[in-house]
Amino acid sequence: MVNALLPVVLRGAVVRKRGQRLVGPIDLTLDGQGITIILGPNGAGKTTLLRAMHGLERVASGRLEWAIPDAQAHQAFVFQTPIMMRRSVLDNLSYPLRLAGRAQSDVVTAAQDAARAIGLQDKLNLPAPRLSGGEKQKLALARALICAPQVLFLDEPCASLDGPATREIEAVLQQAKADGTRIIMSTHDIGQARRLADEIVFMVSGRVVQTGPAQAFFEAPETTQAAAFLNGDIVE
Amino acid sequence: MNEIAQGVEAAFWLLVTFDRDLAEIALRSLQVTVTAVLIASLIGLPFGAWLAVRRFRYRRLAIAVLNALMGLPPVVVGLIVYLLLSRSGPFGVLGLLFTPTAMIIAQVIIVAPLIASIAHQSTRELWAEYHDLLISLNASRWQRIKTLLWDGRRALITAALAGFGRGIGEVGAIMIVGGNIDHATRVLTTAIALETGKGDFALALGLGFVLIGLALAVNIATHMLSRTEREGKW
Ligand SMILES: Nc1ncnc2c1ncn2[C@@H]1O[C@H](COP(=O)(O)OP(=O)(O)OP(=O)(O)O)[C@@H](O)[C@H]1O
Ligand SMILES: [Mg+2]
């Protein structure tokens, strides 16, 4: 399957806020298929990098380019704390389809199917803000996938979830990957990275320290920082 | 004290005998203010939401102006509308002065800034919550505004009610542009002013109680309507 959005190329990309450099300069090229995981300690700049790639943060200097101009329209983003609209579960799921102008009948069926896929079919009419943390995270993921994005960003989707909920989310992600969605996600859970990643981007304090195929990264980390991080040491 | 008791009694009799003049005046009050609030909401709610989602250079200034407009003295609004609609004014040919339409125009001007300002405050909070999601989903500006208005509708009903409260009790502007003409532009507030001037305090108070009752009834009805629609708090 060909993904028209890729590659995304970053050259010396820097994100600043109030004159302060949050991340960068970053040189990075993401291409191909599968799941890229951005690993790194708290404050490394994972969220900022994902948001910049999705166009939510402005790149102050350097370049960040997708293969096509309006790439953002074919992407979706699952935020670190899920944003629940003050609507029912069903209306949250159907919202992106309505924005895209899909026919009413398609919208409802698609939303119902999506709810079934994440086990929320019995809570269709419940206000989404009342769901549990894990259910919210699943709903946010299903809502992000409902328009079949070519690239899906996830920012620590399992940060506050227990084992079973994490497994459910990971199953949905594996399915999306099999369907050809390119996934770029952050985590600081090394176990999750081992389970899911095809490719690793390792960040420390705003810079990309190491990138490469997941297997190589875990088996033979090139940098001392990566080795220390995998070892469970505290990296700053 | 005696006068208040007499006022209660007068109101009671006005109501139980279903005084036709009273019904006419009360209905006109309702008609003028409800129409004005509807028009002002149509303008003020989207404008408030637009101010919340739109970043432009003079946004702060626009918000400051809006908040200042909230405090417009109704009498001055009445005077300006009077000058615009009077025979020699720019809109004199329309012949609107001393009609309910003129009163509606004046009330729209008085009420719209209030509705817009309250709408702005509540949609701004919701926008902070939704911002990343709606940007990520590529919602157009109009889609963003519609979403905020819909999901924030409970607060917006309160905004409209505040506008209604300000409009229904307003006397200065509608007195000037309406003229308090019997069977044409007389409403509860102008009738109260008239009866007070004539020294008929009992009737004035009676009308006052009817006015309060009307305002309460509209508030309660609106709240009940919005309650039946909701299944629970978010
Ligand atoms: N709006 C902002 N203003 C100033 N500094 C910010 C802002 N947003 C983020 N930062 C800073 O940028 C740095 C990177 O933050 P970011 O959220 O990208 O890290 P992260 O890797 O996602 O961390 P975590 O694992 O805790 O989520 C942090 O030091 C953070 O304090
Ligand atoms: Mg983060």
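Where a number appears in this text, it was derived from the coordinates with a stated rule and is not lab data. The structure displayed is predicted, hence computed values, not measured ones. Cβ atoms come from the backbone with ideal geometry, glycine included; neighbour counts cover every protein chain shown.
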Point to revise | q = 0.13, 0.14, 0.25 Å⁻¹: log10 I(q)/I(0) that the Debye formula gives for the stretch A:85-130, counting C-alpha atoms only | key: -0.24, -0.28, -0.84
Practice item. Only Cα pairs under 8 Å and at least 6 apart count here; give the relative contact order of the stretch A:85-130 as a rounded whole percent. Key: 60 percent
Check your understanding: How much length is gained on full extension from A:ASN231 to A:ALA159, taking 0.36 nm per residue of separation minus their Cα-Cα distance?
Key -> 23.9 nm
Exercise for review: Can you tell me the FRET efficiency between B:PHE91 and B:LYS198 if r is taken as the Cβ-Cβ distance and R0 is 45 Å, rounded to the nearest 0.05?
Suggested key: 0.85
Check your understanding: How long is the gain from B:LEU79 to B:HIS183 if the chain were fully straight, where each residue apart is worth 0.36 nm and the alpha carbon distance is subtracted?
Key -> 35.2 nm
Exercise for review: Take every Cα-Cα distance within the stretch A:21-64, group them into 10 Å bins from 0 onward, and report for each bin the whole-number percent of pairs it holds.
Suggested key: 24, 58, 18, 0
Study note, to complete from the structure: A:ARG98 and B:ARG54 label points (each 7 Å along its Cα→Cβ direction) are spaced in nm at 2.4 nm
Practice item. Once every Cα of chain B carries one equal point scatterer and solvent is ignored, give the base-10 log of I(q)/I(0) from the Debye formula at q = 0.08, 0.12, 0.14 Å⁻¹, two decimals. Key: -0.37, -0.76, -0.95
Point to revise | Those residues of the stretch A:27-56 whose amide nitrogen sits under 15 Å from the label point placed on A:ARG63, 7 Å along Cα→Cβ | key: A:27-30
Study note, to complete from the structure: Taking every residue of B:127-133, the Cβ atoms of other protein chains inside 10 Å of its Cβ average out to 4
**Study point:** For chain A, average projected area of the Cα convex hull in nm²
**Key:** 13.1 nm²
Study note, to complete from the structure: On the formula 1/(1 + (r/R0)^6), with r taken between the Cβ atoms of A:SER205 and B:SER226 and R0 of 35 Å, the FRET efficiency rounded to 0.05 is 0.10
Check your understanding: If we count other beta carbons within 10 Å of each Cβ, what is the order of A:ARG195, A:ARG167, fewest first?
Key -> A:ARG167, A:ARG195
Review point. In which sequence would A:MET85, B:MET103 go, from the one with the fewest C-beta neighbours within 10 Å to the one with the most?
Key: A:MET85, B:MET103
Study note, to complete from the structure: Expected sort for B:HIS131, A:HIS54 with the fewest Cβ neighbours (10 Å cutoff) up front is B:HIS131, A:HIS54
Practice item. Once you've got the GNM for chain B with C-alpha springs shorter than 10 Å, pick whichever of B:ARG144, B:ARG28, B:ARG87 has the biggest mean-square fluctuation. Key: B:ARG87
**Study point:** Fraction of beta bridges assigned by DSSP in chain A that are antiparallel (%, nearest 5)
**Key:** 50 percent
Exercise for review: Sum -39500 (n - 2.57) across every DSSP H segment of at least 4 residues in chain A, then divide by the residue count to get the 222 nm mean residue ellipticity, nearest 500.
Suggested key: -10500 deg cm²/dmol
Point to revise | Sorted peptide list for B:105-118, B:55-68, B:209-222, criterion being average Cβ within 10 angstrom, highest first | key: B:105-118, B:209-222, B:55-68
Check your understanding: Translational D (Stokes-Einstein, µm²/s) of the protein assembly as shown at 10 °C and 1.306 mPa s when Rh comes from the Kirkwood sum over C-alpha pairs?
Key -> 60 µm²/s
Review point. At what distance in nm do the modelled label points of B:LEU42 and A:ASN3 sit from each other, each positioned 7 Å from its Cα along Cα→Cβ?
Key: 4.9 nm
Exercise for review: Tally the DSSP beta bridges in the protein assembly as shown and give the antiparallel ones as a percent, rounded to 5.
Suggested key: 50 percent
Review point. What percent do you get for the relative contact order of chain A when only Cα pairs under 8 Å and 6+ apart count?
Key: 27 percent
Review point. How big is D, in µm² s⁻¹, for the stretch B:1-94 by Stokes-Einstein at 20 °C and 1.002 mPa s if Rh is the Kirkwood radius over C-alpha pairs?
Key: 121 µm²/s
Review point. Mind listing the Cα extents of the stretch A:178-235 along all three principal axes, in Å, largest one first?
Key: 36, 24, 18
Study note, to complete from the structure: With label points set 7 Å from each Cα along the Cα-to-Cβ direction at A:SER132 and A:THR109, the distance between them in nm comes to 3.2 nm
